[in-house]
1. If you add up the charges near residue 5, with Lys and Arg at +1 and Asp and Glu at -1, over every other residue whose beta carbon is less than 11 angstrom from its beta carbon, what do you get?
2. In a GNM of the chain with a 10 Å cut-off on Cα contacts, which of 335, 87, 219 has the highest mean-square fluctuation?
3. What is the Rg over Rh value, at two decimals, for the chain, using alpha-carbon atoms and the Kirkwood definition of Rh?
4. Pop a pseudo-label 7 angstrom from the Cα along the beta-carbon direction at both residue 78 and residue 13 and give the gap in nm to one decimal.
5. For every helix of n ≥ 4 consecutive DSSP H residues, a contribution of -39,500 (n - 2.57) applies; sum these over the chain, divide by its total residues, and give [θ] at 222 nm rounded to the nearest 500 deg cm²/dmol.
6. Among 51, 192, which comes first, then next, by fewest other beta-carbon atoms within 10 Å?
7. For segment 85-189, what does the convex hull of the Cα positions come to per residue, in cubic angstrom?
8. Just to be sure I understand: with springs between alpha-carbon atoms less than 10 Å apart, which residue in 103, 325, 194 has the highest mean-square fluctuation in the Gaussian network model of the chain?
Amino acid sequence: MLKNQVMKLFGIEYPIIQAPMAGGVTTSRLVAAVSNSGGLGMIGAGYLSPEQLREQVKEVRQLTSGYFGVNLFVPNEYRVKEKEVQAALERLHPVRSQLKIQSAEPVLPVYEKDLAIFHEQIQVVIDDKVPVCSFTFGIPSEEVIRALKEQNTILIGTATTVKEAIEVEKRGMDMVVVQGSEAGGHRGDFMEGSNESLIGLMSLIPQTVDSVGIPVIAAGGIMDGRGLMACVCLGAKAVQMGTAFLTCIESGAHPEHKAAILKSTEDKVVLTRAFSGKWARGIQNQFIAGMRGDENTLPEFPVQNALTQVIRKTAAAQNNPEYMSLWSGQSPRLAKSVTVEELIKDIMDEAKTILTAVQ
Ligand SMILES: Cc1cc2nc3c(=O)[nH]c(=O)nc-3n(C[C@H](O)[C@H](O)[C@H](O)COP(=O)(O)O)c2cc1C
């Protein structure tokens, strides 16, 4: 059922990709469980050091002989603006006091360093012959693409508009993930403004399918067999699901994060720049509400991300969801606390029921 070239290329039984989720969600156990259950597991490596990435690739290989992939953040040049940083630090001060944070002010990121780390991460993907590599926040350089292609790595770009998907194809990616406005976590836009790039998946899939030759993978709000079949009907060759896998038993998400999604509703899931300086979708909490008025003047990613790191870490250690980034897509009512195997089985059972009913 639903066989296509993407599944053949990945050597997977079902058209299901577990979204890479940087920040500790995509444990080796989660990634391997997905690959062992007929889907494609992805390591969210955006925040991993090259050493950590090498270690996780080794660990995943010990747990599965199936295909899996690595996802990286393409670094975009940024500047640390002293005045902006000072204003943001002042803004964050009451939160630090409330959480009783006494550590020194955060170390600020440096673009050149980020770029060097990115190239080291790429080297790990090449050295360890990782079969699939996906990117978000942009498209890597020609040299990076060439080096990965020499290893026959399957390359996936992320797009939030048709224009971006066309660019992803033009620059030599093998497939494109279209990220609808429903999607949890950071927006992957890199051409238009973030506001202009908030396109619903229902519009994004068919218009992209009509405009590119490479396979289209759908992401955003997909949680079950209904979502999967809808995306397939619109022309997607596979789906990439984040929130649905985040609440699985094998995921490394904080228990408070999982609990927040399991009791949330679609109207509580909002877009915010407050945590990282980049627009991202998550469950509304006190931190987001408190920063609302300053949202547009905060430093850009990853500067704001560095400024809030200690707040997010402390809140997690204190089991306080009000100051953690509770990333979630717009379908939290459909989230379940199950194993990966159960989730994938349920999705495919539903898909089969739908197919039979339509026939
Ligand atoms: C907690 C979390 C972290 C995420 N981190 C990444 C990431 O590191 N790289 C990436 O390409 N996408 C990331 N995403 C976005 C997903 O790839 C995908 O677009 C999104 O999960 C789809 O929406 P859904 O959560 O409703 O399934 C993340 C999403 C979530 C929920």
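What follows draws every value from the coordinates through simple rules; no lab data is involved. A quick note: this is a predicted structure, and the numbers were derived from the prediction, not measured. Neighbour counts run over all protein chains shown; Cβ positions are idealised from the backbone, glycine included.
1. Result for the local shell: +2.
2. In the Gaussian network model the winner is 87.
3. Answer for the chain: 0.95.
4. Using points 7 Å along Cα→Cβ, the separation is 4.2 nm.
5. Estimated from H runs of four or more residues: -12500 deg cm²/dmol.
6. So the residues, fewest neighbours to most, are 51, 192.
7. Here the figure is 164 Å³ per residue.
8. Comparing 103, 325, 194 in a Gaussian network model of the chain, the most mobile one is 103.
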